[in-house]
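To start, the structure itself, in structure tokens.
The values are calculated or read from the model by the stated rules, or taken from the named source; none is laboratory data. Quick caveat, the model's predicted, so the values are computed rather than measured. Methodologically, a virtual Cβ is constructed for each residue, glycine included, from the backbone with ideal geometry; neighbour enumeration extends over all protein chains shown. Heavy atoms of the whole protein, side chains included, go into the accessibility calculation; ligands, DNA and RNA do not. Shrake-Rupley method; radii C 1.70, N 1.55, O 1.52, S 1.80 Å.
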Amino acid sequence: MTQPVPPPGGAPAGPSGPRADFWYRLGGFLIDGVILYVIGLVIGLVFQGNLVSQILISLAAGIAYSVYFIGSGSGQTPGMRLLSIRAVDAATGGRVDYGRAFIRYLVGIVSQLPCYLGYFWMLWDPEKQTWHDKASGTFVVPTSEYPVERWPG
């Protein structure tokens, strides 16, 4: 599979290129949250009465969901796909590897702890990066500027 090439131009939304808007990112996050909530409900029905199993399997499902989709060639979760945004490697503009996708997921949890401050960080960051973007070396960009060849890639 070929790596996407960063666009030669485009309307810069950050100092080094176009970035996804806060509202698109929030929408993608909420859509993915609903999908994972439904998965959690199914897990709860299967493992009734065993809270530890439910928590561990739900956590594993969240990790698998996020790492698989962000680490895929498209760099998109289903929520991101619906809103035409994707995660790319900050250095290359190409695919995010699975290791970075895993770091992104873990720091995403930390980003939520102080009242989602790590997510809101993008509102004043010059590169529009959240804490988990910074920790994993990723940007979230519009697919109009960084097209996806196929999904999930």
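Shown for the chain is the translational diffusion coefficient from the Stokes-Einstein equation, using the Kirkwood radius over Cα pairs, a temperature of 20 °C and a viscosity of 1.002 mPa s: 135 µm²/s. In plain terms, the chain from residue 150 to residue 22 could stretch by 43.6 nm, reckoned as 0.36 nm per residue minus the Cα-Cα distance. Taking all protein chains into account, the per residue accessible area for the chain stands at 53 Å² (1.4 Å probe).
Membrane-span-like helices in the chain (whole DSSP H runs, Cα extent of at least 24 Å along the helix axis, mean Kyte-Doolittle hydropathy of at least -0.5): 22-46, 51-71. For residue 74, the accessible surface of its heavy atoms amounts to roughly 0 Å² (probe 1.4 Å, protein chains only, rounded to the nearest 10).
In nm, to one decimal, how far is the residue 115 label point from the residue 55 one, both placed 7 Å along Cα→Cβ? Reported label-point gap for residue 115 and residue 55 is 2.6 nm.
Remark: relative contact order (the chain) = 31 percent; criterion is Cα-Cα distance under 8 angstrom and separation of 6 or more residues. Carbon-plus-sulfur accessible fraction, the stretch 14-126 (probe radius 1.4 Å, protein heavy atoms only): 74%.
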